[in-house]
Amino acid sequence: MLFSKLSGSILRFTKMRQIFLLILYAGFIVFSFMAISAQSESINIPKEWQTFAEKTDYRQTPRYAETIAFSRKLDQASDLILYKTFGKSGEGRDLPLLIVATDKTFSPSLARKRGKAVVFIQACIHAGESDGKDAGLALLRDIAITKTRADLLKDVVIIFVPIYNVDGHELFSPYNRINQNGPDQMGFRATTTNLNLNRDYMKADAPETRAWLALWNEWKPDFFIDCHVTDGADFRYNVTYEYAHFQDVSPFIKNWMDKHFDGNVVPKVEKEGNLLTHYLEFNGRDVSKGFASFIATPRFATGYAPLRNRAGLLIETHMLKPYKSRVRGTYDVLRYTIEEIGKTKMSLFEANKKADRETIERGKTYDSGNNFPLRLQITDKSEPFNLKGVEYSVKDSEISGAKQIVYGTKPFDIKIPKFDEAKIAIGVAPPLYYIIPPQWTDVISILQLHDIKFQRTAKPLTIEVESYSLTEPKWSSTSFEGRLTLSFKTIPVKEIRNFPQNSVIIPLTQKSANVAVHLLEPNSTDSFVYWGFFNAIFEQKEYAEGYILEKLAREMLVKDENLRKEFEEKLKDEKFAASPFARLNFFYMRSQFQDKRIGLYPVGRITNNLTAIK
């Protein structure tokens, strides 16, 4: 009975949602097709090969089981497609993978041997954003069954993950994604442990992330695409996109994307009836203030790919557009991107090789003047941008008490500032090697997941290293992605240290060096320190009884006049003066009994060449 009432409630809500969205977007749909003409259609589709979205006229998206069934059906019907799994989710579901290739080129070794470009496409990392899943399944059907897109495989192997966040996908509900115009029901943004997989690429807490990294390391793709649906402002574009194009990516990769994606793919996609622009992230509620380019830090999929010297294309369809428009827009971006890669694969291979070579060569010499970017910041320099928007007004809201932006239904073009220049806010000169004591096993295991090569010392090693003293640690007051993140200040340290046998030495003459730098430099946006892997170094374990410190403090004051003056100055701070612990700890922290290791970063930076370690 309870289930029956609940099902009825959900059905009633679904109908109410449909009516609400119909009213809300009625005017919008009228003008949206003034800007977006009839989009491409798949043709000659046998009824039994329609996708679930097509069968429901794009009102619905398939569940996990239906997606797997369609994927297996493709495998069984065509020699061009192999269905397999690449890991397990937290709840134990298989992570689905479709490999699409001619001549059964279903392994990375065969792909490399036959000169194929490997394109890695993933959908549903945010499981409510299902556009990429339905677009990808339709494209694979058109390649393998109707053969209308079969030419795409001439020089390309596609690996397609239709649902990455499989557990979140099955939190299916009409209540997810309130900002989004369809489908009727959809999955949830995070996993069932409430982790956002698109913030997990560096710390790799989730089993899905660990499986994904193994898949990446196995295939070493030439190009990566991540399919999403945006939230945010209203405008006429049905597809927005982005890729790294600042100091966070090799110029060889950036230049390839500028020429081949922006220059060649985008115009072709727009000829199919779509309207595209770079990802729009507005500076507040007033559209006229413009927008700043989005910088995907390494915790994001399309911020991680550039660290591995590969292009990472972010597709963000516009949430207010009808579901069919979004799916077909994604389809067209996938189709023409794959086509461009196939036609120009040699130039892509060359860009990737040059980026890898550049990374390896940088690791051969230490340059104190090198400024490797750990954090980027958009500058205040702008250029004019002609926004294809919709009419809007800004009003005082009696509900929120704040300014409210109200969008209308008429097209409205406006010239606004676009902030698309970045500077390095925090940089570092990478060492030749990092060295990590062997007891930090969690850190070392994560490095292995990222395919970072290292060797272990056969005996204890005494060596001069650079490192950091981390001071004024402050943990966030609320959890972020399952962790209490850390802010701190760094003081450079240079000293002789003793490292135990089996310590890990990481040379930076390797393709994964960029990932190592971001994980091991504390000031990176996604360092081990930031994510809390080294929290224990801030804990004081030894202490002194008060009556011992009273005696020690008096002796120290007698011996050191400067210390007396410093103490008297501190007493002017009422909070300090009122705290017996703070007053006694003042002396303990200045005594020879203080633990000098508190806050001392255990990872060393080696800037001199090492002979072979035995």
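Things worth noting here:
- Candidates in region 201-213 are the residues that are more than 13 Å from the chain's Cα centre (by Cα) and assigned to a loop (DSSP other than H, G, I, E, B); of these, the one that is surrounded by the fewest Cβ atoms within 10 Å (Cβ to Cβ) is ASP205.
- Checked against (1) within 30 Å of LYS116 (Cα to Cα); (2) buried (at least 24 other Cβ atoms within 10 Å of the Cβ), HIS169 passes all but condition (1).
- Test: residue in region 252-272 that is part of a loop (DSSP other than H, G, I, E, B), in the same structural domain as GLN39 (by TED's automatic domain parsing) and within 27 Å of ASN352 (Cβ to Cβ): no
- Considering region 186-197, the residues that are touching a helix residue (DSSP H, G or I) at 6+ places or on another chain (Cβ under 7 Å) and either among the β-branched types (Val, Ile, Thr) or under 24 Å from ALA355 (Cα atoms) (or both) include one that is surrounded by the most Cβ atoms within 10 Å (Cβ to Cβ), namely THR191.
- Residue within region 592-609 that is without any contact (Cβ under 8 Å) to a residue 24 or more places away in the chain and either surrounded by 11 or more Cβ atoms within 10 Å (Cβ to Cβ) or within 19 Å of PHE538 (Cβ to Cβ) (or both) present: yes
- Criterion (surrounded by fewer than 17 Cβ atoms within 10 Å (Cβ to Cβ), polar (S, T, N, Q) and under 30 Å from GLU361 (Cβ atoms)) met by exactly one of GLN439, GLN455: GLN455
- Filter pass, THR365 being touching a Leu at 6+ places or on another chain (Cβ under 8 Å), within 30 Å of VAL428 (Cα to Cα) and of a type in the set (S, T, N, Q): yes
- Residue tally, condition assigned to a loop (DSSP other than H, G, I, E, B) and touching an Asp or Glu at 6+ places or on another chain (Cβ under 9 Å), over region 292-324: 13
- Region 214-232, residues that are surrounded by fewer than 21 Cβ atoms within 10 Å (Cβ to Cβ) and either touching a His at 6+ places or on another chain (Cβ under 7 Å) or of a type in the set (D, E, K, R) (or both): GLU218, LYS220, ASP231
Residue-by-condition table, conditions (1) at negative phi; (2) assigned by TED's automatic domain parsing to the domain that holds ASN535; (3) aliphatic (A, V, I, L, M); (4) at pLDDT below 95:
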position	(1), (2), (3), (4)
MET556	yes, no, yes, yes
ASN562	yes, no, no, no
LYS565	yes, no, no, no
LEU571	yes, no, yes, no
PHE576	yes, no, no, no
PHE581	yes, no, no, yes
PRO602	yes, yes, no, no
THR611	yes, no, no, yes
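- Meets criteria (over 30 Å from PRO183 (Cα atoms), part of a loop (DSSP other than H, G, I, E, B), among the β-branched types (Val, Ile, Thr) and modelled with pLDDT of 95 or more) for THR365: yes
Matching residues to (1) of a type in the set (Gly, Ala, Ser); (2) over 30 Å from THR359 (Cα atoms):
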position: LYS381; (1), (2): no, no
position: GLY389; (1), (2): yes, yes
position: VAL406; (1), (2): no, yes
position: PRO411; (1), (2): no, yes
position: ASP451; (1), (2): no, no
position: GLU464; (1), (2): no, no
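- Those residues of region 390-404 which are surrounded by 17 or more Cβ atoms within 10 Å (Cβ to Cβ) and closer than 15 Å to GLY284 by Cβ, in sequence order: TYR392
The values are calculated or read from the model by the stated rules, or taken from the named source; none is laboratory data. None of the values given here were measured: they were computed from a predicted structure. Reconstructed Cβ throughout: ideal geometry from the backbone, glycine too, with neighbour counts over all protein chains shown.
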